[in-house]
Structures are given as structure tokens and as C-alpha cells.
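The values are calculated or read from the model by the stated rules, or taken from the named source; none is laboratory data. All values derive from a computational prediction rather than experimental measurement. Here the Cβ is made from the backbone with ideal geometry for all residues, glycine too, and neighbour counts use every protein chain on show. SASA here: full protein model, heavy atoms, side chains in, ligands and nucleic acids out. Shrake-Rupley method; radii C 1.70, N 1.55, O 1.52, S 1.80 Å.
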Amino acid sequence: MHRCFEDDCDRDCQQTWRRSVSLLLAFFRPVTSGGIAATLLAIAAHCAASATAPRPNVLVIIADDMGWGDLSLHGNTAVKTPHLDGLAADGASFRRFYVQPVCAPTRAEFLTGRDHRSVGVTGVSEGSERLNAEVTTIADSFRAAGYATGLFGKWHNGTQPPYHPICRGFEEFYGFTSGHWGHYFDFWLDQNNQMVTGRGYAANDFTEHAKQFIQTHRQQPFFAVVAFNTPHSPMQVPDTWWTRHAEQEIQLRATEPDSEDIPHTRAALAMVENLDWNVGRLLKQLETMGIAQETIVVFFSDNGPNGHRWNGGLRGIKGSTDEGGVRSPLFVRWPAQIPSATRITTPACVLDLPPTLGHLCSVALADPNRLDGLDLSSLLQGRVAEVADRRVIISHWSGQTSARRGSLLLDHEGRLYDLLADPGQHRDLAAERPDIADELAAEMVRREKRIQEVSVPDAKPFTIGHRCHPVSHLPVRDATAQGGVKRSNHYPNCSFFSDWTRPSDAVVWDVEVVTPGAYAVTLFAAVPADAVGSEVCLRADGAECRVVLAAATDYQTLGPAQDRVQRQEGPVKHFRPISMGSLEMHPGRQKLGLSVDSIPSLGPAIWQLSLERIRPQG
């Protein structure tokens, strides 16, 4: 349940009530035919089992932009990943496990067990990454079942409540909600919807907070997600891991060797080794506390590699629906239940994780009949040799769709491949097996039709003033520019706006004020000496607040000096919080515009607004 602290949180509590009812109905659906008595007996049996058998903890570890081939276990001789290799050896490893081609869709499917498009996630930025607020997540279900829930690292499914992780079943959050972060050392992070300064290298910092969470909740079952931001760019990694790779000769080359950037490959492998070290720290924490036997550990990556590097000969990288863009490692360790050295060849996908974890932990998921994944628990526990592949695995991104059934892949151009005989997708079998190509093509069409039936296109404004979580952060990632003001980079995540030249220049957010009233406004900006005296104005529905920038801040570019290779994304700066006073906001959808009305010479670099409700209207 959300911890409400105001009398006006009825809408949020209604949403929580609907989720709780959904979870209760999950018990009733399977036994409806047996009547009320059978239903009550089923619930009593479930409660009795829960009382006698301690439920396992769950630790889910997600890499960001790590390819299937970025592990020594899979044959990469240029990298050392002993802890991840050991995780696979001590539990189950999947030969063919599939995610989506990019970050936010994969994370949405892990959270819900449903096709990402059916739950509102169609992109990676500017609002398209937000998971529909009414959808129940796996964290909601585990929290309702008595688990402590925490997420540490990258979220990427919405920033403002009700899309923020603390509104999606996670009691604790420490990390960032954007698709990528501009700097990995001592930069701004989000802790339970409050901006704080990180300590040290981000991946190490996330691990430390996860360890503290595990220690704190050692007396109750926990569901913890550690979502690393690496090896996603910018390619930053401490010297400890970079030194070995800085001049390394790369002998195993990319499937398309002419497209490989060797320095980028070196940096990615160094970041993977740091990630592996942090995985080792988490596993050691479980051992030290004596709970490793009772903890399910899951590891996977959110998409293929973020560059052309060795990937076992697979075609495609991140963003591609070919094998290299969507095949991910999947390791699942539970010493008490999963035999070591289990090797699974049955194709699986990220949609399978929620029903599988729910079953293993006796946690009822809401709306089980709407799940698109399969329960693989019998496969993991060795009760069956394989699970019949009852469905087609669909990969979709940027207008391209591919379909997999068994060993067969139909790519986005209608080419058919047998992945067992031809994992690199060299020989097109469509002309030899047109019946199968037609079947898979028809399944693509059916899936697309179903998605269109359940999806509701909506621009979804950015919310301000959630009743139980009154702080709303508005990064300029989610804004549009008017006039001559410029975004710092083509990629909006973690960008900022600068080059203010006239008062008509503006940065505008499409917002919906859920709870009207007075809001304290904080501007996160970097102010050069030439911008001192600039007057920044924020306007919304006839109201406004202003601040004169009275002092310069450190305006030096932050980030590239620590990059191991030149970044594609833009840099950041030493953004500092500046109070703009309060703004009276009226309810409903409206435009929130920020402008610099007085510009002595050069305007500020503006990164984010934060609005906190200080007084309800009326």
C-alpha cells in the first residue's frame, strides 16, 4: 500500500485498492467452478503453505547494453567475468533467451509480463517510455505478498508520479529514471523521488545501496532489483578496470569487423568486468548473511551490445530485431531448488520471468490471464526436460518486427532462418519452407492487431502534484523548445537547454496538474559569469514566478574528461539547485513554460525543474 500522508489522496488509494482487488481475484479465478467453499479452501491452503514454508528472496540483476557475447562463459577471451560465470555454473543458464532491442520496452515486459506496447511503452524518451499507470507490476504483487521491495540503478519507465518506481510497487528507489545518465561519478541521482548527490562510481554506488537494503530486510523476504547502468554509454569506468584494457589487443572481432570501434570495445569490456565485480559483491553479501540458499538470483541484459564487437557471430546489435540485438544471457540460481549446471535450450523471453518468479515464490500476480509469458519453473527445477513452445516470441522496434518459434526465426524482411543450424542468419529458408514463413508472418499480423485493440494512443501529459507524492521532477528531456534555444544533444535523455538569445525563447512542458495549489519551484541550472543578472521566469495558466540569477556557478563541461572514448550523447554540467519561489497552479492540462526574460549576454544551462506542493488549493 502507498504510505499516504494527506486527506486528498483518494485517487491514489483507489488505484491501490483496484490493484489489491486484482491480486485477490487472482486467487478466485482458478477455483470459481468449485464455488465459494473451494475458493476459501484454496486460500486457506495457500496461507498455510506460506506459514510453514519460508518464501525465497529474489535478487534480479539487469545489465544495460551488454551483449550475449560479453562474457568469458560464452567464449569471449578478451574479458574476465568469473562471478557471472560462477552464477551460471551454480544454477541454470539459458542458451536462447530473448529481450527487446532497446531498454525501456524490455524493462516494461519484465515488470508486467505483457507485451510492452500493450502497456503503453513505445519508445525510450520524451514520455513514450512510461508504463501505463493503471498496470500492476511484479513489484506491486510481491509487495502485496509481504515482500520488501527495492530498485537500485536505472528505471526508465517514467519519472513523475504515478510513473515513478515508488508508485509502482518499490518501497525504496536509488538511481535515475532516465534512459541514460550523463555522468557516472558523483552526479545527481534520485532517492525516493528526492534529488541527492551520488557517491563515487554509479555502478559501485548502486551496489552499495542494494547491499544495505538486503542487510536491512534480512528478517523478511525481499524482492530487490539492481539495474546497472553499464556498459551503456558514456563509456566511463574507474582506472582499476580500465588499465588492463587500455591497450588490449582485440583478437575476437565483431560480426561486421569493419564497423567495430576498438577503443569502444575495450571500454565496454572494462565496464563489464566492473559489473561482474559488483555482482560478486552482491553474491558475497548473500553468503555472508547466510541467505544464499534461500535467494533466487536472476541475471539478464536489457538488449544486445551497444556497438559492433564480438557476439558469437550473431547478426545485429542493440536496436536490431536480429539475433544479436535481442539474445541476452539469462542465469537463474536458487541452490535450494535449481540443480547446478542446468543448461536450458528451450527458447524463453523476458515475458516469462514474472509468471516464473511468481510461481517459485507463491506470489499471485494480478490478471494472470493477460500475461504473455510462460511459467518456466518446472523447467528450472528439473521436473520436465523441456517446455513446449506454445507461442511465438515477438521482437519489435522502430517499425521492424521479427518472430521466433522453436529454432526458427522470421526476420523483418521476411527471411526465414534455422537458428540451430545457422545462428548467424546466413541462409534464407523462406523459399524452401513457405508454409512456416507464412505462419510466422500471420502471427506477426495477429499480434499487431491485438496490440492495437488493447493500446490506447495518448500523448499523456507529464503529471504534477500526485496526491501522495507531491514532488514532481521535470527534466528538459521531456520538454520542447520554442525560438532559438538549443538542446545540448540530439539524444534528449540527460540533455540541457542553452543559447538563450531573446525573451521569446522558451522551454515548454505539456503537463497535467493533478492537485492544484502552491508549489515550491527549484531550477537545476549552471550559470556562467556572463549570465549573472538574467531573470528566469516560469509561467503556467496565468500565474508566474521569477528569479534573478545573482551568482555564477561552475560552468565547466562535466563528463567527457572521464570518458574512455568520445561520447555520442551530450555532456552535462555542474547543475545547482536554485529556488524560484512558489507558483500557484490550477488543475488540469496546461503548458508550463520557462523563459529567460532578461539576458545580459549569455543565458544559463537549464537541466531540470522540480516542483513540490507546499499548500493545496482552497
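Observations
- Qualifying residue in the stretch 541-548 (condition: surrounded by 20 or more Cβ atoms within 10 Å (Cβ to Cβ), out of contact with any Cys (no Cβ under 8 Å at 6 or more places or on another chain) and under 28 Å from Gln191 (Cβ atoms)): no
- Taking (1) free of Cβ contacts under 8 Å to residues at least 60 places away in the same chain; (2) of a type outside the set (Gly, Ala, Ser); (3) not in a strand (DSSP E or B) in turn, Arg539 satisfies each apart from (3).
- Condition check for Gly153: among the small types (Gly, Ala, Ser), surrounded by 22 or more Cβ atoms within 10 Å (Cβ to Cβ), free of Cβ contacts under 8 Å to residues at least 60 places away in the same chain and closer than 11 Å to Ala202 by Cα: no
- Residues (part of a loop (DSSP other than H, G, I, E, B) and open to solvent by 30 Å² or more (accessible area, probe 1.4 Å)) located in the stretch 273-291: Met289, Gly290
- Selection count, the stretch 601-618, where residues are surrounded by 14 or more Cβ atoms within 10 Å (Cβ to Cβ) and not in a strand (DSSP E or B): 4
- Note on the stretch 578-597: residues that are open to solvent by 70 Å² or more (accessible area, probe 1.4 Å) and part of a strand (DSSP E or B) amount to 3.
- Unmet criterion (only one of (1) modelled with pLDDT of 95 or more; (2) assigned to a loop (DSSP other than H, G, I, E, B); (3) open to solvent by less than 40 Å² (accessible area, probe 1.4 Å); (4) not small (Gly, Ala, Ser)) for Glu413: (3)
- No other residue among Gly158, Gly146 is assigned to a loop (DSSP other than H, G, I, E, B), at pLDDT 95 or above and open to solvent by 10 Å² or more (accessible area, probe 1.4 Å) apart from Gly146.
- Meets criteria (within 29 Å of Ala133 (Cβ to Cβ), open to solvent by less than 60 Å² (accessible area, probe 1.4 Å) and not hydroxyl-bearing (Ser, Thr, Tyr)) for Val387: no
- Set side by side, the residues Leu351, Leu440 differ, and just one is farther than 19 Å from Gly113 by Cα and either open to solvent by 20 Å² or more (accessible area, probe 1.4 Å) or modelled with pLDDT of 95 or more (or both), which is Leu440.
- Filtering the stretch 190-231 to residues that are open to solvent by less than 10 Å² (accessible area, probe 1.4 Å) and touching an Asp or Glu at 6+ places or on another chain (Cβ under 8 Å) leaves Gly198, Phe213, Ala227, Phe228, Asn229, Thr230, Pro231.
- The condition (being open to solvent by 80 Å² or more (accessible area, probe 1.4 Å) and at pLDDT 90 or above) is satisfied by just one residue among Asp435, Asp458, Asp478, Asp428: Asp435.
- When Val485 is tested against (1) closer than 30 Å to Arg615 by Cβ; (2) surrounded by 18 or more Cβ atoms within 10 Å (Cβ to Cβ), just one condition goes unmet, and that condition is (1).
- Tally, over the stretch 584-618, of residues that are among the hydrophobic types (A, V, I, L, M, F, W, C) and modelled with pLDDT under 90: 2
- Among residues of the stretch 331-358 that are touching a residue at least 24 places away in the same chain (Cβ under 8 Å) and within 14 Å of Val384 (Cβ to Cβ), those with a beta-carbon under 6 Å from a residue that is of a type in the set (Lys, Arg) and surrounded by fewer than 20 Cβ atoms within 10 Å (Cβ to Cβ) at least six positions away or on a different chain give the pairs Thr345/Arg95.
- Selection within the stretch 423-451 - in a loop (DSSP other than H, G, I, E, B), more than 23 Å from Gly324 (Cα to Cα) and basic (Lys, Arg): Arg433
- Taken together, Ser125, Ser118, Ser178 contain a single residue that is hydroxyl-bearing (Ser, Thr, Tyr) and in a helix (DSSP H, G or I), which is Ser118.
- Members of the stretch 342-383 that are among the small types (Gly, Ala, Ser), within 22 Å of the chain's Cα centre (by Cα) and not in a loop (DSSP other than H, G, I, E, B): Ala348, Gly358
- Sole residue being under 14 Å from Gly603 (Cα atoms) and touching a residue at least 60 places away in the same chain (Cβ under 8 Å), chosen from Arg502, Arg564: Arg502
- Unique match (being within 26 Å of the chain's Cα centre (by Cα) and surrounded by fewer than 18 Cβ atoms within 10 Å (Cβ to Cβ)) among Ser398, Ser402: Ser398
- Within the option set Phe185, Phe170, being over 26 Å from Pro221 (Cα atoms), at pLDDT 95 or above, touching a helix residue (DSSP H, G or I) at 6+ places or on another chain (Cβ under 8 Å) and not aliphatic (A, V, I, L, M) holds for one residue only, Phe185.
- Filter result (crowded, with 23+ Cβ neighbours inside 10 Å and among the small types (Gly, Ala, Ser)) within the stretch 319-347: Ser320, Gly324, Gly325, Ser328
- Selection count where residues are open to solvent by 20 Å² or more (accessible area, probe 1.4 Å) and out of contact with any helix residue (DSSP H, G or I) (no Cβ under 6 Å at 6 or more places or on another chain), scope the stretch 292-311: 4
- Residue check for Arg467: assigned to a helix (DSSP H, G or I), over 28 Å from Val387 (Cβ atoms) and in contact (Cβ under 8 Å) with a residue 40 or more places away in the chain: no
- Some residue of the stretch 166-182 being open to solvent by 10 Å² or more (accessible area, probe 1.4 Å), charged (D, E, K, R) and within 16 Å of the chain's Cα centre (by Cα): yes
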